[in-house]
Amino acid sequence: MRQRLRAGWQELLTVIVLTVVWCLLWGKLDAFTVIGGLVISWMLVAMFYLPPLEITGRLHPISAAYAFVRLTLDIIRASMIVAVQALWPWWRPTGAVVKFDLHTTDDLIITLTAEAISLVPGSLVVEIDRNNGVLYVHAFGVRTAADIERARCQALDQEARIIMALGSSAERQAVRGLAARRRADARRGPHHDSGSDSTQAHTSPVDLSTPTSREER
């Protein structure tokens, strides 16, 4: 009986998460979208096998609200930047596919991180390696190493905010430690050796030329 209740709760949670993803993809939160998302999510759970959704942490309301507000501001800011670039007559579009090693292998956090990154104009997750916690992200407007570093920080910051909202105590503590080290490296300056290793460990740039090409793995 206990196992059946646990399985039922996991299925319900999966339906809820899929419905949230559905609403995010449509960009609307009306009754038609929510009901349609619930129906489609239930059909997916009933008709197709999905791995159990294990929740390692719990919801932290303040961190979740902060993550939502920051995501909204990032979408607004990036929309304005992309609009200006698209209308600028001398702008030559460039981009790169960048590899990001995430700090978690939790399926839910990886999924929400990929959704958050893709919702921000100018960035799109093109591949997910869930076994190793790796995302391949197409970043628009990337020309220099500084642009790659900026894209890296934005993606990892999205993951960090989602971990703070949903992660376990150990994951949240690890995120705080990483943030403290990044602040310490920033105070030491860009030429400090200890910061360079952490930067290279999480970003693998691909060809910066136009058109974009993928790095061979």
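The values are calculated or read from the model by the stated rules, or taken from the named source; none is laboratory data. Being a predicted model, the structure only gives us computed values, none of them experimental. We place every Cβ from the backbone using ideal geometry, glycine too, and count neighbours over all the protein chains shown. Areas reflect the complete protein model, heavy atoms only, side chains present, ligands, DNA and RNA absent. Shrake-Rupley method; radii C 1.70, N 1.55, O 1.52, S 1.80 Å.
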Flag for E215 being surrounded by 13 or more Cβ atoms within 10 Å (Cβ to Cβ) and either modelled with pLDDT of 85 or more or in a helix (DSSP H, G or I) (or both): no
Lone qualifier among R172, R130 - being buried (at least 17 other Cβ atoms within 10 Å of the Cβ) and not hydrophobic (A, V, I, L, M, F, W, C): R172
Qualifying residue in region 84-100 (condition: over 21 Å from D147 (Cβ atoms) and in contact with a Leu (Cβ under 8 Å, 6 or more places away or on another chain)): no
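Open to solvent by less than 50 Å² (accessible area, probe 1.4 Å) and not aliphatic (A, V, I, L, M): which single residue out of T94, T72 fits that description?
Working: T72 fails: open to solvent by less than 50 Å² (accessible area, probe 1.4 Å).
Checking each option against the conditions leaves just T94.
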Which listed residue, of S118, S123, is within 19 Å of V82 (Cβ to Cβ), open to solvent by 20 Å² or more (accessible area, probe 1.4 Å), in contact with a strand residue (DSSP E or B) (Cβ under 8 Å, 6 or more places away or on another chain) and without any contact (Cβ under 8 Å) to a residue 40 or more places away in the chain: S118
Matching residues in region 6-21 - criterion: being open to solvent by 70 Å² or more (accessible area, probe 1.4 Å) and within 22 Å of the chain's Cα centre (by Cα): I16, V20
Whichever residue in region 22-37 is at pLDDT 85 or above and open to solvent by less than 80 Å² (accessible area, probe 1.4 Å) and, among such residues, is farthest from S118 (Cα to Cα): A31
Selection from region 135-164 of residues that are surrounded by fewer than 20 Cβ atoms within 10 Å (Cβ to Cβ) and among the basic types (K, R): R143, R150
